[in-house]
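J.: To start, I am sharing the structure in question, which I have written as structure tokens.
The values are calculated or read from the model by the stated rules, or taken from the named source; none is laboratory data. These numbers were taken from a predicted model, which means no experiment stands behind them. In this analysis, Cβ positions are derived from the backbone assuming ideal geometry, glycine residues included, and neighbour counts consider all displayed protein chains.
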Amino acid sequence: MEEGKKFIIAGGGTGGHIFPAIAIANAIKKLSPSSTFLFVGAKGKMEMEKIPLAGFEIKGLSISGFNRSSLIKNIGLPYKIVKSFFQVADITAKYKPDAVIGVGGYSTFPMLRYAQFKGIPTFIHEANSYAGKSNIILAKKADLIFTATDKMESFFPKSKIRITGNPVRDEIINWRIDKKEAVEFFGLNVSKKVVLVIGGSLGARSINESISNSIELFEQNDLQLIWQTGKVYFDQAEKKSNRKQNVFVTDFINKMNYAYAAADIVISRSGAMSISELCIVKKPVVFVPFPYAAEDHQKVNAQKLVDQNAALMVEDKNAIKELVPKVIALSKEAALQKKMVDNIEKLIINNADIVIAQQILDYLN
């Protein structure tokens, strides 16, 4: 039996970084069962909870990002950055990885930068069509860079780019769950349509406020809601739903396979990972792009699907007025729903995790 490699996987902050990281680790383990993994994340961030739930060990760094809304809060940032490099040096010395994989998030930069300084092979996965600054810097010394889309040569050295798509959680790829079972899992009525609201793993203010302001319209139109609010908005949403029979409210959905199986229509941000998952589950979707994403890339992501008649879009600034009416109208147009499903199905990439894992293992062997 071949000797397994030791991997450190760095990154997190949102589900869009965490779930691809888990998918890559599981795929490597499938191809090389004796491989071992240590995750590195940022203390206090979502990965510190989600990674152990997926069965992996994680170490936390004292690192945070630049706060653009309050410059005073950045006073301690240089100290945190220096401290994080001492922490990754200690982690590396003790774990002795054969390779380090970065998936984006605060912990990616110090971990991969130090690994590159020590001559350890590094690999990057860039989920978005517009690369983050840290990945652009790290790419210069990275061994391979896996991208979700083409035309990334303006960010990364062309010779290192491998276009793979985005790794998606295994439970989403193999999500086939009976709709009746899924709807009942959320305590809803199997005879009525379900709208799934997912504003990203941290929630989305404009989407939450749109739902909250028009929540009565769902009941009036015989629609039910599975509403993921994020932690910040959860208490307000729970009060607003006021124990309505047609609304299930939660701050975070752990069993997304059940949520997708229950849904007839989805409301979502248009981050790269959300789009990858929605293509696989083949649901009619109304996107509300996050307007502050770099180079407005979430709008670009959504527009690509809209142009192929695979999705609808409402801009963030118009969400309060337009989102719920558009969803209600879509719920009454069966032909349009079918057309959207047929077109989004053509965009499926469901083996990115295995492709990335195989290329990493081949490179190291």
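J.: Could you please find all residues in the stretch 98-118 being surrounded by fewer than 24 Cβ atoms within 10 Å (Cβ to Cβ) and within 15 Å of Lys6 (Cα to Cα)?
T.: Asp98, Ala99, listed by residue number.
J.: Limited to the stretch 22-43, what total is found for residues that are touching a strand residue (DSSP E or B) at 6+ places or on another chain (Cβ under 8 Å), among the hydrophobic types (A, V, I, L, M, F, W, C) and modelled with pLDDT of 95 or more?
T.: 7
J.: Continuing with this model, one more query. Specify the residue that is farthest from Lys192 (Cα to Cα); the eligible residues are those in the stretch 273-298 that are buried (at least 24 other Cβ atoms within 10 Å of the Cβ) and among the small types (Gly, Ala, Ser).
T.: Ser276
J.: So which helices (runs of 4 or more DSSP H) stay within the stretch 201-252 end to end and still have 2 or more residues that are in the same structural domain as Leu188 (by TED's automatic domain parsing) and closer than 17 Å to Asp316 by Cβ?
T.: 205-213
J.: Among the candidates Val190, Val168, single out the residue that is of a type in the set (Val, Ile, Thr) and in contact (Cβ under 8 Å) with a residue 12 or more places away in the chain.
T.: Answer to the selection: Val168.
J.: For the stretch 247-271, give me each residue that is β-branched (Val, Ile, Thr) and touching a residue at least 40 places away in the same chain (Cβ under 8 Å).
T.: Ile253, Ile265, Val266, Ile267
For every residue, the table says whether it meets (1) at pLDDT below 95; (2) assigned to a loop (DSSP other than H, G, I, E, B).
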{"site": "Ser276", "(1), (2)": "yes, no"}
{"site": "Asp296", "(1), (2)": "yes, no"}
{"site": "Ile320", "(1), (2)": "no, no"}
{"site": "Gln337", "(1), (2)": "no, no"}
{"site": "Val341", "(1), (2)": "no, no"}
{"site": "Ile348", "(1), (2)": "yes, yes"}
{"site": "Ile360", "(1), (2)": "no, no"}
{"site": "Tyr363", "(1), (2)": "no, no"}
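J.: Still on this model: Filter the stretch 256-274 down to the residues that are over 15 Å from Trp227 (Cβ atoms) and part of a loop (DSSP other than H, G, I, E, B) and list them by number.
T.: Ser270, Gly271
J.: Follow-up question, since we're still on this one. The conditions are (1) closer than 21 Å to Gly15 by Cβ; (2) among the β-branched types (Val, Ile, Thr); (3) at pLDDT below 85, and Ile72 fails exactly one of them. Which is it?
T.: That leaves (1) as the condition not met.
J.: Just give me the residues in the stretch 119-142 being surrounded by fewer than 17 Cβ atoms within 10 Å (Cβ to Cβ) and either charged (D, E, K, R) or in contact with an Asp or Glu (Cβ under 6 Å, 6 or more places away or on another chain) (or both), in sequence order.
T.: Lys133, Lys140, Lys141
J.: A follow-up question, please. Quick one: which of Ala302, Ala293, Ala329, Ala310 is closer than 16 Å to Ala272 by Cβ and more than 19 Å from the chain's Cα centre (by Cα)?
T.: Ala310
J.: Restricted to the stretch 171-200, and to residues that are among the basic types (Lys, Arg) and either in contact with a strand residue (DSSP E or B) (Cβ under 7 Å, 6 or more places away or on another chain) or assigned to a loop (DSSP other than H, G, I, E, B) (or both), which residue is farthest from Asp264 (Cα to Cα)?
T.: So the residue we want is Arg176.
J.: Can you pull out the residues in the stretch 276-300 that are farther than 17 Å from Val314 by Cα and of a type in the set (Val, Ile, Thr)?
T.: Ile280, Val281
J.: Something else: Look through Glu184, Glu209, Glu216 and report the one residue that is under 16 Å from Lys244 (Cβ atoms), out of contact with any Leu (no Cβ under 9 Å at 6 or more places or on another chain), charged (D, E, K, R) and surrounded by fewer than 24 Cβ atoms within 10 Å (Cβ to Cβ).
T.: Being under 16 Å from Lys244 (Cβ atoms), out of contact with any Leu (no Cβ under 9 Å at 6 or more places or on another chain), charged (D, E, K, R) and surrounded by fewer than 24 Cβ atoms within 10 Å (Cβ to Cβ) holds for just one of Glu184, Glu209, Glu216, which is Glu216.
J.: If a residue must be at pLDDT 95 or above, hydroxyl-bearing (Ser, Thr, Tyr) and touching a Ser or Thr at 6+ places or on another chain (Cβ under 9 Å), how many such residues does the stretch 258-274 contain?
T.: Selection size over the stretch 258-274: 1.
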